[in-house]
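Everything on this sheet refers to the single structure shown next.
Bear in mind these aren't lab numbers, they're just calculated from the coordinates by the rules spelled out. Keep in mind that this is a model prediction, so the values were computed, not measured. Cβ: placed from backbone, ideal geometry, glycine included. Neighbour counts: every protein chain shown.
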Amino acid sequence: MVIPWLGYSLSALISAVQPMGSAKYVEFVTLADPDVMPGLRSRVLQWPYREGLRLDEALHPLTLLSFGLYGEVLPNANGAPVRLVVPWKYGFKSAKSIVQIRFVEQQPRTAWNVSAPQEYGFYSNVNPQVAHPRWSQATERPIGQGGLTTRRQPTRMFNGYAEQVAHLYAGMDLKRFY
Amino acid sequence: MSLMMRGLLWVAPGLPAALYWLWAVQDVLGANPVEALLRALGEWSLVGLCLTLSVSPLAKWLRKPQLMVWRRRLGLWTFAYVVQHAAVYVVFDMPGLALVVNDVLQRPFIAVGLASALILSALAATSYQRARIHLGPQRWQRLHQGVYVAAALSMLHFYWMRSGKNDFADVWFYGLWLAVLVGWRLLRARG
């Protein structure tokens, strides 16, 4: 589905805070409040949830800090009060309910990569050409279009944003850096 | 027992599937109904398998041999759930048989699922007395011990599926249930 997010490019925030030259990555830490988040009892992931982007990915105009969608303030389930939207990556890369943003030198250890490294890479770009260990990523099923009979459609490279973001990965072996 | 009561008991194991199909048609299975349906049918297949293998120990333990009639009944229902699970995958999930064949050949997780389903279909096809007479009791018994292979393959299929989310609580639950059932049979075989 195509979602009308409300927000601005993260690059505006990054320019305002002026990170040091040694910053190579941006790390995002999510709220971990057991009073309102019963899911924290699960041991599937280590908490708090962490995500990260390479600095050039974070500076890309398509990387958004979002505060709302469909003209409404962001609901809790969608990552209130502020979340990331990185449209060319799988959804878990878009950190939600952000409470801390850090500039770091080393590639941050992201939650799903820690939990299942053979399944979830740091980059996790939408890529129909690289199969997941157990299933193909060449097709996808759109949400909200017909329930049970929704047919699959071909996945697009970088989720359709190849023209805007492919240059970030020029020369990178995306099978290795999945 | 009245005929109606007997009829009801016969169709009762189909209730979970019936509900899920109803909810699928009503489109109340959430944002990804195909996945919800596929996973529900898969998990109920596993429940069916565990229940089927529980009949014999339960009948012995409770000293109620009349419970044994549930063994074939639940076994066939388990097969019915497996067929629906596979059908949802082939019909609703994959856009074309070529992709299904590709999946089977390239993805061991699908291949073991298919292998388990094939074993269960052989068991379903030979579940009535006629097959037992035709095969002879020893060959029939040997064939039907294939259920343990099917169970192991199903657990592998389930484990590989759940490792995608590093979420093994259910794998432990069904694994333990099956381990107890197999363990009971091994102890009985030892005498």
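For the reader, a short list of remarks on this structure follows.
- Sequence-distant residues sharing a close amide H with A:Ala80 (under 5 Å, placed H): A:Ser97
- Cα gyration tensor, the stretch B:1-138 - rounded (a/c under 1.5), prolate or oblate: oblate
- The stretch A:68-178: C-alpha gyration tensor shape, a/c 1.5 cut-off, then a/b vs b/c: oblate
- Relative contact order (percent, whole number), the stretch B:12-116, Cα cutoff 8 Å, 6+ residue spacing: 25
- Mean Kyte hydropathy of 0.0 or more with a Cα span along the axis of at least 18 Å, helices from DSSP in chain B: B:33-61, B:69-87, B:108-125, B:146-162, B:169-190
- Prolate/oblate/rounded label for the protein assembly as shown (Cα gyration tensor, a/c 1.5): prolate
- Peptide B:65-77 shows a mean partner chain C-beta count of 0 within 10 Å per residue C-beta.
- GluC sites (Glu not before Pro) within the stretch A:92-178, DSSP loop, no more than 12 other Cβ atoms inside 10 Å: A:Glu105
- In loop segments of the stretch A:46-129 as defined by DSSP, the chymotrypsin sites (Phe, Trp or Tyr not before Pro) with at most 13 further C-beta atoms inside 10 Å of their C-beta are A:Tyr70.
- Our summary gives the stretch A:1-95 a relative contact order of 35 percent, counting only alpha carbon pairs under 8 angstrom and 6 or more residues apart.
- Mean residue ellipticity (222 nm) of chain A, computed from DSSP H runs ≥ 4 via -39,500 (n - 2.57), nearest 500: -2500 deg cm²/dmol
- Placing +1 on the Cβ of every Lys and Arg and -1 on the Cβ of every Asp and Glu, with nothing else charged, gives chain B a dipole about its Cα centre of roughly 1320 debye.
- Pairwise alpha-carbon distances in the stretch B:120-191 exceed 20 Å for 47% of all pairs.
- Size of electric dipole in the stretch B:1-111: Cβ of Lys, Arg +1 and of Asp, Glu -1, about Cα centre, debye, nearest 20: 860
- Each of A:Pro108, A:Ala138, A:Ser97 was placed along the dipole of the stretch A:96-141 (beta-carbon charges, centred on the mean Cα), and the one lying farthest toward the positive end is A:Ser97.
- Positive-end extreme of charge dipole, the stretch B:55-191 - chosen from B:Ser154, B:Ala124, B:Val104 (charges on Cβ): B:Ala124
- In this Cβ point-charge picture (+1 for Lys and Arg, -1 for Asp and Glu), the stretch A:8-136 has a dipole of about 280 debye about its Cα centre.
- Calculated FRET efficiency for the pair B:Arg63/A:Val2, C-beta based, R₀ 45 Å, to 0.05: 0.10
- Among the trypsin sites (Lys or Arg not before Pro) in the stretch A:4-78, those located in a DSSP loop and surrounded by at most 16 other Cβ atoms within 10 Å of their own Cβ are A:Lys24, A:Arg43.
- Projecting the Cα atoms of A:Met172, A:Pro38, B:Leu22 onto the charge dipole of the protein assembly as shown (Cβ charges, centred on the Cα centre) puts B:Leu22 farthest toward the positive pole.
- Scanning residues 5 or more positions from A:Leu69 or on other chains, those with amide H under 5 Å from its amide H are A:Leu6, A:Leu74, with H placed 1.01 Å from N in the peptide plane.
- Counting only other chain Cβ atoms within 10 Å of each residue's Cβ, the peptide A:144-156 averages 4.
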